[in-house]
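The values are calculated or read from the model by the stated rules, or taken from the named source; none is laboratory data. Given the structure is predicted, the values throughout are model-derived calculations rather than measurements. Note that we place each Cβ from the backbone using ideal geometry, even for glycine, and neighbour counts take in every protein chain shown. Surface accessibility is based on the protein's heavy atoms, side chains included, excluding ligands, DNA and RNA. Shrake-Rupley method; radii C 1.70, N 1.55, O 1.52, S 1.80 Å.
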Amino acid sequence: MMDGAVVTPEMLLYLLRTLLIGAGATIWLTAASLVVAVVLGFGLALMRLSDSKVLQGIARVYLEIFRNIPILTQLFVIYFGLSRYGIMLPATVAATLGFGLNGASMLSEVFRSAILSVDRGQREAGLAIGLTSRQAFRLLILPQAARTAIPPIGNYAIGLLKDTSLASAVAVPEIAMRAKMLVAETYLSTEIYMMVAVVYLALSLPLARLTALAERRFSPHRSAA
Amino acid sequence: MSEPLVRIRGLKKAYGIHLVLQGIDLDVHSGEKLCLIGPSGSGKTTLLRCVNWLEEPTGGEILIDGAPIGTVAKGGRSHRMSDVELARMRAGIGMVFQRFNLFPHLTVLENVMLGPVRVLGAGRAEAEATARGLLAKVGLSEKVAAYPDRLSGGQQQRVAIARALAMKPKLMLFDEPTSALDPELVGEVLAVMRQLANEGMTMIIVTHEMRFAETVADKVVFMADGLIVEEGPPARIFRDPQVERTRAFLSAVEHRV
Amino acid sequence: MSFAKLWSIIHEPLFWAAIASLKIALSALLIGLVLGLAIALARMNPNRHLSRAAVAYIEFLRGIPALILLFLIYFGLAAVGIRFSSLQAAIIGLGLNASAYLAEVYRAGLEAVPKGQTEAARAIGMRRGQVLRWIVLPQALAISLPPIGNVAISLIKDTSVASLIAAPDLMLRANDLSSQTFKPLEIYLVVGAIYFVICFPLSLVVRALEKRGERKT
Ligand SMILES: Nc1ncnc2c1ncn2[C@@H]1O[C@H](COP(=O)(O)OP(=O)(O)OP(=O)(O)O)[C@@H](O)[C@H]1O
Ligand SMILES: [Mg+2]
C-alpha cells in the first residue's frame, strides 16, 4: 500500500458520504438529461414519421451525426468549444444539454419503431367511430406505443446513468468527479473506485431488474387479436 | 321509392395499375340488410372500406343520406373533406372488422365509451350508462371491467359491435365478422347481428356464412373481379342464380361447408 | 488563425491519433471477442457455479461505467502494486467491458440456433465438442455478426474515454492541440468528423447485415 491515509472507519464514512453526495448529482444529471432526451427524441420521431421529406431528412442527418460521434467529444464541443466563442454554459447545463441532445438521437428510433409497431387496425377502428386522425394518434396509438417504448427507454436510462460519469471531464461534481477529488486528497484509489463501482451497481442493477420486469409485462404487447 | 341511405355510383378503386373495383353501382335503403358475397380478392372489403372512406376511391361517388362522403362542394368545385368533416361523417357509420380491432389498452367499458365521450361529447355518466346497456344487450355485462385480451374472439367481436352501436349509427358495415373466430364462437356473434337486423338496422355485411345471408338479407350481392355480377333477393341468388359465375361460386362454397 | 492554417497544423497529428484510437479499439475488440465467447459458454454451462460466476461477471461489468473500470485498472490496481501503462489499462478495460456485452451477444446467437441442429449432428455421431465447433458456432456467429458490429462501433467511440486516463488516443491529442492553439471548437468538431467518418460507414454495413438477417428468417 502506498503512503496514503489510513483507512479508519471514520475515513470510510467520510468517503462514503462524499460519494453519496456525488451520486445524488449523478441521479439528477441522469434524470434531467433523460427528460431532455425524451422530449427532443419524441419530436425527432414525429419528424421522421411526418410526410415532409425535408423534416425527415433533417431528422435523419441529426440522428446519424449524434449517433456516430462519441458523447465525450460532443460534451467537449459544447463545453470547451462554445466557451471559446463566449457561450459559457455552466458545466451541469452543458452536460445536461450534451446528454440530452445525444439521447434524443437514440430515443427517436425507440419512439419511431414503437409508434410503427402499433397495429394499423387500431387507427382504422378509431377513425371508424369518428375520431379525427389526431385523436386516433393521441388516444390510441400513443398510449400503446408508450408501453412498447418503456423497456428500451429503461435500457437507455441505464446507459445514460453510466455515461454521466463522463461529465466528470467537464467538472460536473457528480460521483466520478467526487471520486477523483477524494483520490487526490487521500490516495485511497483502490478503495474509492471500488466504492464508486458499488454505488453504480446499486443504481444500475435495480434499474435493469425493473426494465426486465417491464419487458415481460409490456413487450409482447397486449393485443386484441 | 324514397332516397336510398347509401347510393354508390361508378365506384372505382385502383392500387397502382391494379383495378380492384371497376365501377360499382349500388343502393342501400334505410332498414335494408345487404349481404356481399364473392370469391377472395373480388373487392368486397375494399368496397366496404370505401363506404366510410377508410379507403379513398379512385373514381365515382358515394352518397350517405344524400350527402357525398369524402368530398364537399365549395364554390362550385368539389374539394376533399377535411379530417374533421370526414370524422363527423364516419361517426354515423358503424364498422365491425374481421379482426375486431378492440383497443387493447382500454377496458371493455372504456372501449365502448370512447366514441361517445370523445366524438359525440357525451358526459361520462351518460356514456357509461349507454355503454353498460349495450354491453348487456350483447350479453357481456360481467366483462365490463376486463381488458380485451381476457376475452374470447366471440366476446371481443360482440364488444366491437357494442362499440360501433354506441355511436348510434344509421348504418352498420360488417367485414366478415365471424371468419376470424373458432367455429363454436360464430353462433353468438351471428345471434347478435340477427337481433340487430330484427330491430331494423341498415346493414351491409360481407360474409361467407351463406345460411346467415339467406335468412337475414333483404338483398344479396355477388361480386367477382371488382364488379357486381348478380344481385337480388336471397331466395333467387341462392336457389336460382342466373349467371354461370355465381353458380360456380355457390357450388364451390356449398362443397366446402 | 485561419482554418486552413489550423488544418495544416492539426491534420497530421490527428490522423495518427485516429490510427492509435483504432488500434486501441481493435485490440480491445479482440480481447472482448475471445473472452466474451468463454464467458458465454460458461454462462450457458450446466454447472451452476460456473454460470453464476459468468452472470456476476457480466452484471458487474455492465453495471459500471467504462470510465470507472479504467480508473480501477489504472489507478486502483497501481495502488496495490499492479502497474499498467495508460495504454495497456485502456485496452484491458475496454476489452473487459466489451467482453461482457459480447458474451450476451454470443448467448443470444447460440440460443437462436435451433435445437434440431444439435440433435441432427448428434444423430450422425458427432461428439459434443464437434457439434459446437462445426455446427452450432458457425451459425451462431452469423446471427451475431450485426450486434458484434454494433459493439465494435461503440468500442471505437468509447476509446475516447481512454483519454481520461491519459492514454494516447484521438481525444487526448485533440486536448493537447486545443490547448496549444486555443481553437477547441474547431478541433473538437474536426475530431467529431473523424469519428463520424469511421463510424458512419460501419453503421451502414451493420444495417445492411441486419437487413440481410431479417430476410433470411
Ligand atoms: N392496400 C392494398 N394495396 C394493394 N392491393 C390491395 C390492397 N388492399 C387490397 N388489395 C387487393 O385488392 C383486391 C381486392 O381485395 P379485397 O380485400 O377487397 O378482397 P375481398 O373480396 O375482401 O377478399 P377476401 O374474401 O379475401 O377478404 C385483392 O386483389 C387485393 O390483393
Ligand atoms: Mg375481405
Rounded to the nearest 10 Å², the accessible area of A:PHE66 using a 1.4 Å probe with every protein chain kept is 40 Å²
Chains B and A: accessible area buried, summed over both chains, 1.4 Å probe, nearest 100 Å², reads 2300 Å²
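Using only protein heavy atoms and a 1.4 Å probe, how much accessible area in total is buried between A and C, to the nearest 100 Å²?
The buried area between A and C, both sides summed, comes to about 3200 Å².
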Once all protein chains are kept in place, B:LEU106 shows an accessible area at probe 1.4 Å, nearest 10 Å², of 30 Å²
Per DSSP, the loop-located chymotrypsin sites (Phe, Trp or Tyr not before Pro) within region C:140-217 having at most 14 other beta carbons within 10 Å are C:PHE182
Cα extents of region C:95-217 along the principal axes, largest first, in whole Å, come to 70, 31, 16
Per-residue accessible area, 1.4 Å probe, largest first, puts B:MET95, B:MET89, C:MET1 in the order C:MET1, B:MET89, B:MET95
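Around A:GLY81, with a cut-off of 13 angstrom between Cβ atoms, what is the net charge of the other residues, counting Lys and Arg +1 and Asp and Glu -1? Before the final figure, lay out each step's value.
On the way: positive: A:ARG84, C:LYS183; negative: C:GLU186.
Result for the neighbourhood of A:GLY81: +1.
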Averaged over the residues of A:188-197, the number of partner chain Cβ atoms within 10 Å of each residue's own Cβ comes to 6
Per residue of B:113-122, other chain Cβ atoms within 10 Å number on average 3
Kirkwood calc, chain B, C-alpha pairs only, radius in angstrom 19.1 Å
Accessible-area order for B:HIS29, B:HIS79, largest to smallest, probe 1.4 angstrom, reads B:HIS79, B:HIS29
Output ordering of C:149-156, A:49-56 (per-residue mean of other Cβ within 10 Å, highest first) is C:149-156, A:49-56
Excluding ligands, DNA and RNA, the carbon-plus-sulfur percentage of the accessible area of chain A with a 1.4 Å probe reads 69 percent
Taking only C-alpha positions in the protein assembly as shown, Rg and Dmax in angstrom work out to 32.7, 107
Taking Cα atoms only, helix C:3-43 is inclined relative to the longest principal axis of chain C by an angle, in degrees rounded to 10, of 20 degrees
Descending accessible area (1.4 Å probe), largest on the left, turns A:LYS162, B:LYS12, C:LYS115, C:LYS23 into C:LYS115, C:LYS23, B:LYS12, A:LYS162
Residues hit by the 50 Å² burial cutoff in region C:69-85, accessible area with a 1.4 Å probe, assembly against chain on its own, are C:PHE71, C:LEU72, C:ALA79
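Membrane-span-like helices in chain A: DSSP H runs reaching 24 Å or more (Cα, own axis), mean Kyte hydropathy at least -0.5?
A:9-49, A:91-117, A:142-163, A:189-218
Per residue, what volume in Å³ does the Cα convex hull of chain C take up?
137 Å³
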Rounded to the nearest 10 Å², the 1.4 Å probe accessible area of A:ILE158 is 20 Å²
If each K or R counts +1 and each D or E counts -1, the residues other than C:LEU94 whose Cβ falls under 15 Å of its Cβ total +1
Taking Cα atoms only, helix C:48-63 is inclined relative to the longest principal axis of chain C by an angle, in degrees rounded to 10, of 20 degrees
With region A:1-121 reduced to its Cα atoms and the Debye formula applied, log10 I(q)/I(0) at q = 0.09, 0.10 1/Å amounts to -0.40, -0.47
In this structure, among C:LYS5/C:LYS183; B:LYS12/B:LYS170; B:LYS137/B:LYS170; C:LYS23/C:LYS157; B:LYS33/B:LYS168, pairs with alpha-carbon gaps over 21 Å are B:LYS12/B:LYS170
Row for region A:141-225, column shape: gyration tensor on C-alpha, a ≥ b ≥ c, rounded if a/c < 1.5 i.e. under 1.5, prolate if a/b over b/c, else oblate; value prolate
Applying the gyration tensor rule to the Cα atoms of chain A (axes a ≥ b ≥ c; rounded if a/c under 1.5, else prolate if a/b exceeds b/c, else oblate), the class is oblate
Per the C-alpha gyration tensor (a ≥ b ≥ c, the square roots of its eigenvalues), region B:101-143 is rounded if a/c is under 1.5, else prolate if a/b beats b/c, else oblate; here it's oblate
Accessible-area loss of at least 50 Å² (1.4 Å probe, chain alone to full protein assembly) applies in region A:74-119 to A:PHE76, A:VAL77, A:ARG84, A:TYR85
